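One structure is given here, and the rest of the page talks about it.
The values are calculated or read from the model by the stated rules, or taken from the named source; none is laboratory data. It should be emphasised that the depicted structure is a prediction, and the values quoted were computed from it without experimental measurement. We place every Cβ from the backbone using ideal geometry, glycine too, and count neighbours over all the protein chains shown. What goes into the accessible areas is simple: the full protein's heavy atoms, side chains included, and nothing from ligands, DNA or RNA. Shrake-Rupley method; radii C 1.70, N 1.55, O 1.52, S 1.80 Å.
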Amino acid sequence: VRKVRDYLHAHAHEPIELDQLCAVGQVPLRTLHHQFRRHFGMSPLQMLRDIRLDRARADLLRCAPGASVTGIALNWGFDHFGRFAAHYRQRFGETPRETLRRARP
């Protein structure tokens, strides 16, 4: 599971499929899910979503000139903006727009 976790962190900006993760971990899908739940309490794709949410938040807080919630969400692989905002709010207790607004000088 360490190999897969490290792969998720290193490739979070890329599209990732479960079969890739199974190849990285050299295990079948059921084993991968079972081991992730046992070690991390979540599935590999949940971990990937959390990694991406953390990185999107870091980008929002950096507040680069011209940064937008939509652009940052797309950069991190979120193409359903309502779902992105809901997951973001659940994880951080505020909307992505509120984070960006707070980070702006």
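For region 9-41, give me the residue count where each residue is without any contact (Cβ under 8 Å) to a residue 40 or more places away in the chain and in a helix (DSSP H, G or I).
21
Looking at 1, 24, can you tell me which residue is over 24 Å from residue 90 (Cα atoms), at pLDDT below 95 and either of a type outside the set (S, T, N, Q) or surrounded by 17 or more Cβ atoms within 10 Å (Cβ to Cβ) (or both)?
1
I want to confirm something. Restricting to region 59-82 and keeping residues that are open to solvent by 40 Å² or more (accessible area, probe 1.4 Å), of a type in the set (A, V, I, L, M) and in a helix (DSSP H, G or I), which single residue is farthest from residue 98 (Cα to Cα)?
Looking at residues that are open to solvent by 40 Å² or more (accessible area, probe 1.4 Å), of a type in the set (A, V, I, L, M) and in a helix (DSSP H, G or I), I get 74.
With the requirement that a residue be exposed (fewer than 12 other Cβ atoms within 10 Å of the Cβ) and under 14 Å from residue 59 (Cα atoms), what does region 83-105 give you?
Correct list: 102, 104.
Within the set of pairs 6+ apart or on separate chains, which have a first residue in region 63-85 that is more than 19 Å from residue 16 (Cα to Cα), a second that is among the aromatic types (Phe, Trp, Tyr) and open to solvent by 70 Å² or more (accessible area, probe 1.4 Å), and C-beta atoms under 9 Å apart?
69/81; 70/81
Residue by residue, here is whether (1) modelled with pLDDT under 95; (2) among the basic types (Lys, Arg); (3) touching a strand residue (DSSP E or B) at 6+ places or on another chain (Cβ under 6 Å); (4) under 18 Å from residue 4 (Cα atoms) holds:
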| site | (1), (2), (3), (4) |
| --- | --- |
| 37 | no, yes, no, yes |
| 44 | no, no, no, yes |
| 50 | no, no, no, yes |
| 57 | no, yes, no, no |
| 67 | yes, no, no, no |
| 72 | no, no, no, no |
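Test residue 51 against the criterion of being out of contact with any Gly (no Cβ under 7 Å at 6 or more places or on another chain), within 27 Å of residue 105 (Cβ to Cβ) and part of a helix (DSSP H, G or I), and give yes or no.
For residue 51, the condition - out of contact with any Gly (no Cβ under 7 Å at 6 or more places or on another chain), within 27 Å of residue 105 (Cβ to Cβ) and part of a helix (DSSP H, G or I) - is not met.
Under the condition of being within 12 Å of the chain's Cα centre (by Cα) and of a type in the set (D, E, K, R), which residue from region 26-51 is farthest from residue 77 (Cα to Cα)?
If we take residues in region 26-51 being within 12 Å of the chain's Cα centre (by Cα) and of a type in the set (D, E, K, R), then 50 is farthest from residue 77 (Cα to Cα).
Taking the conditions exactly as written (touching a Leu at 6+ places or on another chain (Cβ under 8 Å) and not acidic (Asp, Glu)), does residue 55 satisfy them or not?
no
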